[in-house]
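Remarks on the structure that follows.
Coordinate-derived values only; no laboratory data. Since the model is a prediction, treat every value here as computed from it, not as a measurement. We place every Cβ from the backbone using ideal geometry, glycine too, and count neighbours over all the protein chains shown.
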Amino acid sequence: MSKNQITDIGLKTLAQSLSCNKSILYLNLAQNKIKEEGFPELVETLKSNTSILEISLGGNIISNDGIALLSEMLPFNKTIRHLDLSRNAFNDSGFDTFAEALALNEGLIFLDIAKNKEVTDEGALLVFCEALTKNKKL
């Protein structure tokens, strides 16, 4: 589903469908037009999903609000192993919340945050390193 014109409206519909689906393992939504308006539905679905192992949301327009919403599923979802959030629109303040939630996640082993607007050494990296001391799998 990558490189299409999927927006938050489509993401809401997809999230509702995924709540019933137990066979999808990989969800590639990279390079669409997803912001954060569809995230509440996606987050609720991912909190209880036990089949999806990999999600790619790279190359969208996910801002600080979107990354904060996505962080809400991290303490609950234990099956996602690979999460691509590269090339989006969040910065240090948005990633801080996400990094703190990473410390509570027990499944994630790969995270890509490359090429975001302003994720820096001085900001989010420090919080991320602290989360890594608590989460030994990532």
Residue pairs qualifying under the 9 Å Cβ cut-off, at least six apart or on distinct chains, with the first in region 30-52 being on the phi < 0 side of the Ramachandran plot and in contact (Cβ under 8 Å) with a residue 12 or more places away in the chain and the second being basic (Lys, Arg) and not in a loop (DSSP other than H, G, I, E, B), are 37/12; 38/12; 40/12; 41/12; 42/12
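Quick check on this structure: which one of 110, 90 is within 24 Å of residue 14 (Cβ to Cβ), aromatic (Phe, Trp, Tyr) and either buried (at least 20 other Cβ atoms within 10 Å of the Cβ) or touching a Pro at 6+ places or on another chain (Cβ under 6 Å) (or both)? If you could, list the steps in order and put the result at the bottom.
On the way: 110 fails: either buried (at least 20 other Cβ atoms within 10 Å of the Cβ) or touching a Pro at 6+ places or on another chain (Cβ under 6 Å) (or both).
The match here is 90.
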Here the residues within region 44-63 that are touching a helix residue (DSSP H, G or I) at 6+ places or on another chain (Cβ under 8 Å) and surrounded by fewer than 20 Cβ atoms within 10 Å (Cβ to Cβ) are 44, 63
Looking at 78, 22, which one is part of a loop (DSSP other than H, G, I, E, B), of a type in the set (D, E, K, R) and closer than 23 Å to residue 134 by Cα?
78
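Could you say which residue among 45, 97 is more than 23 Å from residue 128 (Cα to Cα) and not in a loop (DSSP other than H, G, I, E, B)? Spell out the reasoning first.
Working: 97 fails: more than 23 Å from residue 128 (Cα to Cα).
Exactly one residue qualifies, and that residue is 45.
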List pairs: first in region 117-128 and farther than 16 Å from residue 86 by Cβ, second surrounded by 14 or more Cβ atoms within 10 Å (Cβ to Cβ) and among the β-branched types (Val, Ile, Thr), Cβ under 9 Å, 6+ apart or cross-chain?
127/97
